[in-house]
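As structure tokens, the structure follows; a few thoughts come after it.
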Amino acid sequence: LLGAVWHDAGMPGRTVSERFVGRERELSRLAVAIEAAVQGRSARIVLAGPGGIGVSRIIDETVRRVGRLAEPFQIVRCRAFAPHAMAAYAPIIEGLEPWLASLDTAELGRVVGPWSEPFARLLPTVAARLGDQAAGPRHDAIAPERRTAWLNEAIHGLLERDGERGPVLLILED
């Protein structure tokens, strides 16, 4: 059956408690990084671990706590679950698209900056809003082996420009 999901009635569904227990050390380190971001310092943290040990739960808790802060963060959460099930940038598109769609046209143009062409190619829904700013033949002039770097530079620039107005929490989750 296409699209059917198998569920073992003997296995309980996932239950998540509102109360978060344990992982105080990890949450403390995340709190320090978040405070640094609030103060304008760029903090980078990698949370890594094998599946099932609670990394996603720590991320969920961090997002919840950041959402309660007085200083608003822009949260961009990019998730990739099944390897090879999505296009290369699908998780990035999933994270960026709702955020960029929520911006007014002037702010969209500001955060995209000079990188409108790669974003127009990456996010067709944003391309229409960028108008003539998105048109450009640069992609064809870039060597194929440099196109990934071109897109990565555009994403980095977008996060930097948005970070000028407030902290950004970028989550790349597999």
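The values are calculated or read from the model by the stated rules, or taken from the named source; none is laboratory data. All of these numbers come straight from a predicted model, not from anything done at the bench. Here the Cβ positions follow ideal geometry from the backbone for every residue, glycine too, while neighbour counts run over all protein chains shown. Calculation scope for accessible area: heavy atoms of the full protein, side chains included, ligands and nucleic acids excluded. Shrake-Rupley method; radii C 1.70, N 1.55, O 1.52, S 1.80 Å.
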(request) Please work out the average accessible area per residue across the range 18-113, using the 1.4 Å probe convention, and give it in Å². (result) 63
(message) Is the C-alpha gyration tensor of the range 90-163 telling us rounded, prolate or oblate? Criteria: a/c under 1.5 is rounded; beyond that, a/b larger than b/c is prolate, otherwise oblate.
(response) prolate
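How long is the gain from LEU27 to LEU172 if the chain were fully straight, where each residue apart is worth 0.36 nm and the alpha carbon distance is subtracted?
Numbers: separation 145, 0.36 × 145 = 52.20 nm, distance 1.76 nm.
Gain on stretching LEU27 to LEU172: 50.4 nm.
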(request) Subtracting the Cα-Cα distance from 0.36 nm times the residue separation, let me have the gained length for ALA88 to GLN39 in nm, one decimal. (result) 14.3 nm
(request) Could you work out how far apart the two model spin labels at ASP132 and ALA48 are, taking each label as a point 7 Å from the Cα in the direction of the beta carbon, and quote it in nm? (result) 4.8
(request) Given the peptides 93-105, 38-50, arrange them by the average over their residues of other C-beta atoms within 10 Å, most packed first. (result) 93-105, 38-50
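Quick one: if the Förster radius is 35 Å, what FRET efficiency do ARG57 and GLU164 give, using the C-beta to C-beta distance and rounding to 0.05?
Efficiency at R0 = 35 Å is approximately 0.65.
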(message) At 0.36 nm per residue, and after removing the present C-alpha to C-alpha distance, how many nm does the segment from ASP104 to ARG79 gain when stretched out fully?
(response) 6.5 nm
(request) Could you pull out every residue, at least 5 positions away or on a different chain, whose amide H is within less than 5 Å of the one on ILE75? Hs are placed 1.01 Å off N in the peptide plane, and Pro or chain starts have none. (result) LEU169
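Quick check of the Kirkwood formula: for the range 43-174, what is the inverse mean of 1/r over all pairs of different Cα atoms, in Å?
Numbers: mean 1/r = 0.0619 Å⁻¹.
For the range 43-174, inverting the mean 1/r across all distinct Cα pairs yields 16.2 Å.
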